[in-house]
Amino acid sequence: MFKMTNKTYKIIEINNDLEKEIDNTHIIMMLLKQCEHEKSLSFAINDKLLSALEESEDIIDGKVEAKRYKSFADLLKDVD
């Protein structure tokens with residue numbers, strides 16, 4: 001991270017397949033503007049999120065094998 005005047009520049013690594021599917025710049029800017037407005041990174045904590053967090057812990061602990069996708073489009077097909 002480096003600063004010039006009043007701007008901060010950050011380098012973000014994004015998977016090539018994902019980059020082809022979406023316009024990353026606009027999504028990142030929307031997220032940052034929402035954070036600025038809300039003064040936090042806000043998201044709702046619900047049963048689905050808690051389940052996903054538990055699954056991620058199981059993947060890290062080696063209890064569950066992580067799903068893999070060939071493209072972002074394949075991932076979207078698997079989402080409820």
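Every number here is computed from the coordinates shown, using simple stated rules; none is lab data. Predicted, not measured: the structure shown is a model, and the values here were computed from it. Positions of Cβ are backbone-derived with ideal geometry, glycine not excepted, and every protein chain shown enters the neighbour counts.
Computed quantities for the displayed model
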item	result
Residues Val64, Val79, sorted so that the one with the fewest Cβ neighbours within 10 Å comes first	Val79, Val64
Fewest-first ranking of Leu32, Leu75, using other Cβ atoms within 10 Å as the exposure measure	Leu32, Leu75
